[in-house]
Amino acid sequence: MSPTRTVRGRFPAAHPLFVAVAALLPLAAMAQDAAPAQKEAATLDAVKVTAARKVENIQDVPVSISTVSGEKLDALASGGTDVRYLSGRVPSLNIESSFGRAFPRFYIRGYGNTDFRLNTSQPVSLVYDDVVQENPILKGFPIFDVEQVEVLRGPQGSLFGRNTPAGVVKFDSVRPTQEFNGYGKVGYGSDNLWNVEAAVGGALSARWSARVSALYQRRDDWVKNTGTGPNDGLEGYDESAVRVQFLYEGDNFEA
């Protein structure tokens, strides 16, 4: 018998990249089947502002705005400092003073007024609960029991105050509500520093509610005057403030 011969066909050699992709396809399919379902995209809480004298989402207001929440304000004010602690906490906002806590001068985007006379208007206006504080002395009012601070850059004279080509710093106190709530806190620090703050509020009737807030701050002099003069100590203070609010809520009206 003649020996049997086999014919071996020749096939073109496979490309290394093709072999690698073919080997990874089953692994990719298995990984896709085993992968857990993707979580829903996280959403951030909307920041509500009243720059246009109504509550709106900050993204819907065509004004350059920065906000500081009440929680952050509590942390910043825990050391008993005055309104100047907001300086540098918001972009483009600077606050200085030639009279300590009594007469702060505000600057937004570098625009302000260095004149410290009482009859000089400042380009930055302060608004507390929709009330314009035009007198420079009122701008040093202590900050306490505040819900939020809004810094509105640019001219705001059409809605807030007058002579505000630089912008407005707007303070919104915690409003009275029908729910009873309150808080109290005491802080103590060096140089016999005391920072006492408390508030309480709730319903008076079905339509009336009220809130009372109080603040007491004091500190001994800690800057010594080594020159000639009657004062041998500076930068001490002893201040107290009280705010009383009433809120009436009607069917289509509130005040």
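Which residue out of 190, 209, 205 is within 21 Å of residue 77 (Cβ to Cβ) and not aromatic (Phe, Trp, Tyr)?
Values: 209 fails: within 21 Å of residue 77 (Cβ to Cβ); 205 fails: within 21 Å of residue 77 (Cβ to Cβ).
Selected residue: 190, the only one of 190, 209, 205 that is within 21 Å of residue 77 (Cβ to Cβ) and not aromatic (Phe, Trp, Tyr).
Do we have any residue at all in the stretch 227-237 that's of a type outside the set (Val, Ile, Thr), under 20 Å from residue 139 (Cβ atoms) and in a strand (DSSP E or B)? Please lay out each step first, then the result.
Of the stretch 227-237, the ones of a type outside the set (Val, Ile, Thr) are 227, 229-237.
Next, from what is left, pick out any that are under 20 Å from residue 139 (Cβ atoms): 235, 237.
Next, only the ones that are in a strand (DSSP E or B) stay: 237.
Looking through the stretch 227-237, at least one residue is of a type outside the set (Val, Ile, Thr), under 20 Å from residue 139 (Cβ atoms) and in a strand (DSSP E or B).
Condition (residue is closer than 20 Å to residue 173 by Cα, open to solvent by less than 50 Å² (accessible area, probe 1.4 Å) and within 13 Å of the chain's Cα centre (by Cα)) applied to the stretch 46-56: is it met by at least one residue? Show your work before the answer.
So in the stretch 46-56, the residues closer than 20 Å to residue 173 by Cα come out as 46-56.
Then drop every residue that is not open to solvent by less than 50 Å² (accessible area, probe 1.4 Å), which leaves 49-52, 56.
Right, trim to within 13 Å of the chain's Cα centre (by Cα) and you get 49.
So far as the stretch 46-56 goes, yes, one or more of its residues are closer than 20 Å to residue 173 by Cα, open to solvent by less than 50 Å² (accessible area, probe 1.4 Å) and within 13 Å of the chain's Cα centre (by Cα).
Does the stretch 157-179 include one or more residues that are buried (at least 20 other Cβ atoms within 10 Å of the Cβ), among the hydroxyl-bearing types (Ser, Thr, Tyr) and closer than 30 Å to residue 63 by Cα?
Within the stretch 157-179 (the criterion being buried (at least 20 other Cβ atoms within 10 Å of the Cβ), among the hydroxyl-bearing types (Ser, Thr, Tyr) and closer than 30 Å to residue 63 by Cα), the answer is yes, since at least one residue qualifies.
In the stretch 100-123, is there at least one residue being under 30 Å from residue 184 (Cα atoms), outside any helix (DSSP H, G or I), open to solvent by less than 70 Å² (accessible area, probe 1.4 Å) and of a type in the set (Val, Ile, Thr)?
Within the stretch 100-123 (the criterion being under 30 Å from residue 184 (Cα atoms), outside any helix (DSSP H, G or I), open to solvent by less than 70 Å² (accessible area, probe 1.4 Å) and of a type in the set (Val, Ile, Thr)), the answer is no, since none of the residues qualifies.
Starting from the stretch 75-97, take each residue that is in a loop (DSSP other than H, G, I, E, B) and list its partners that are modelled with pLDDT of 85 or more, counting only C-beta distances under 6 angstrom and pairs at least six apart or across chains.
80/193; 80/195; 80/217; 87/94; 87/95; 90/151; 92/108; 92/109
Within the stretch 102-121, is even one residue out of contact with any helix residue (DSSP H, G or I) (no Cβ under 9 Å at 6 or more places or on another chain) and of a type in the set (Asp, Glu)?
yes
For residue 173, are the conditions met, namely being on the phi > 0 side of the Ramachandran plot, within 15 Å of the chain's Cα centre (by Cα), modelled with pLDDT of 85 or more and among the small types (Gly, Ala, Ser)? Spell out the reasoning first.
Values: on the phi > 0 side of the Ramachandran plot: no; within 15 Å of the chain's Cα centre (by Cα): yes; modelled with pLDDT of 85 or more: yes; among the small types (Gly, Ala, Ser): yes.
No; evaluated as a whole, the condition is false for this residue.
The values are calculated or read from the model by the stated rules, or taken from the named source; none is laboratory data. Keep in mind that what you see is a predicted model, and the values were worked out from it rather than measured. Neighbour counts run over all protein chains shown; Cβ positions are idealised from the backbone, glycine included. Keep in mind that these areas ignore ligands, DNA and RNA; they rest on the heavy atoms of the full protein, side chains included. Shrake-Rupley method; radii C 1.70, N 1.55, O 1.52, S 1.80 Å.
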